[in-house]
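The values are calculated or read from the model by the stated rules, or taken from the named source; none is laboratory data. Not measured: the values here are computed from a predicted model. Here Cβ is always computed from backbone atoms with ideal geometry, including for glycine, and neighbour counts include all displayed protein chains. Ligands, DNA and RNA are stripped out before the accessible areas are found, and what is left, the full protein with its side chains, is counted by its heavy atoms. Shrake-Rupley method; radii C 1.70, N 1.55, O 1.52, S 1.80 Å.
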Amino acid sequence: MADQSTVIESEALYERRGGIAIITLNRPRALNAVNQALSTAVGSFLEQADSDPRVRVVVITGAGRAFCAGADLKALGGGEDLSARGHREWGFAGFVEHWISKPTIAAVNGFALGGGTELVLASDLAVVDETASLGLPEVKRGLFAAAGGVIRLAQQIPRKVALEMALTGEPITAAQGKELGLVNRVAPVGTALEVALELAEQIAANAPLAVRESKSVIHRTASGADWEPDVWAVNAKAMKIVFTSADAAEGPAAFAQKRAPVWQGR
């Protein structure tokens, strides 16, 4: 029997397939718009995945024809707090300010403007359906992309392009996103999750401790010059963790013995 498990909440689903956790936003009739219940479920599932040693990668996707349509305006209009119950620090959708040590991949299966694009920006990697668009249209409604959109966009694409997107509110295509480096893979229609899982399998096959520390160092040093002492201190700490691990000994041993490595994650 395949090593997998599934948990169902009203607003999100959690499935583990071997070393990959799949979190599915599950409000298809509302285009997976974010309310408090969805934020709570997603944030809780991220915690579950991060604490499960069997999980190596987390994929987040949407049910139905949308990835995420942003905030649930009906819930907002009714005075609902969209933050996860008891965990406002997790941010929008229980995700955008919620650091986990394992790589996250957005599998963008459909509509993803506004808050949906902010989930993409918060993910480590992104696979986008070729028909989907990305953008921050908030300025067209007198708002701005406050769930990390205006913070992260210029960190991930050229500043002038980011400013044009944020100030005009106009979207870009999946292909344009890939050209700019915002998207890792453009998937044929209807295959975003499949392509994301292929990418996740590539990552999950690697040493988990090395993957975790690689993610951490990249994020923690991305805005620092490569000659700054603090950058190298972060790098040295990660080296000590990884290079003295059991996995660091297992990799060369497996190579020498011409066998697949057996990672322990320690």
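Does ILE22 qualify as being buried (at least 17 other Cβ atoms within 10 Å of the Cβ) and either outside any loop (DSSP other than H, G, I, E, B) or not β-branched (Val, Ile, Thr) (or both)? Spelling it out, ILE22 is indeed buried (at least 17 other Cβ atoms within 10 Å of the Cβ) and either outside any loop (DSSP other than H, G, I, E, B) or not β-branched (Val, Ile, Thr) (or both).
Is region 175-195 home to any residue that is on the phi > 0 side of the Ramachandran plot, assigned to a loop (DSSP other than H, G, I, E, B) and open to solvent by less than 30 Å² (accessible area, probe 1.4 Å)? For region 175-195, residues on the phi > 0 side of the Ramachandran plot, assigned to a loop (DSSP other than H, G, I, E, B) and open to solvent by less than 30 Å² (accessible area, probe 1.4 Å): absent.
Close Cβ contacts (under 9 Å, 6 or more residues apart or on different chains) running from residues in region 225-245 that are polar (S, T, N, Q) to residues that are surrounded by fewer than 12 Cβ atoms within 10 Å (Cβ to Cβ) comprise SER245/ARG266. For first residues located in region 133-151 and charged (D, E, K, R), partners that are open to solvent by 10 Å² or more (accessible area, probe 1.4 Å) and lie 6+ apart or on another chain with Cβ distances below 7 Å form the pairs GLU138/PHE144. The set of residues in region 156-172 that are out of contact with any strand residue (DSSP E or B) (no Cβ under 6 Å at 6 or more places or on another chain) and touching a residue at least 24 places away in the same chain (Cβ under 8 Å) comprises GLN156, ILE157, MET165, ALA166, LEU167, THR168, GLY169, GLU170.
Of the residues making up region 121-168, those that are of a type outside the set (Gly, Ala, Ser), under 17 Å from the mean Cα position of the chain (by Cα) and open to solvent by less than 50 Å² (accessible area, probe 1.4 Å) number 9.
A residue that is open to solvent by 10 Å² or more (accessible area, probe 1.4 Å) and free of Cβ contacts under 8 Å to residues at least 24 places away in the same chain occurs somewhere in region 48-71.
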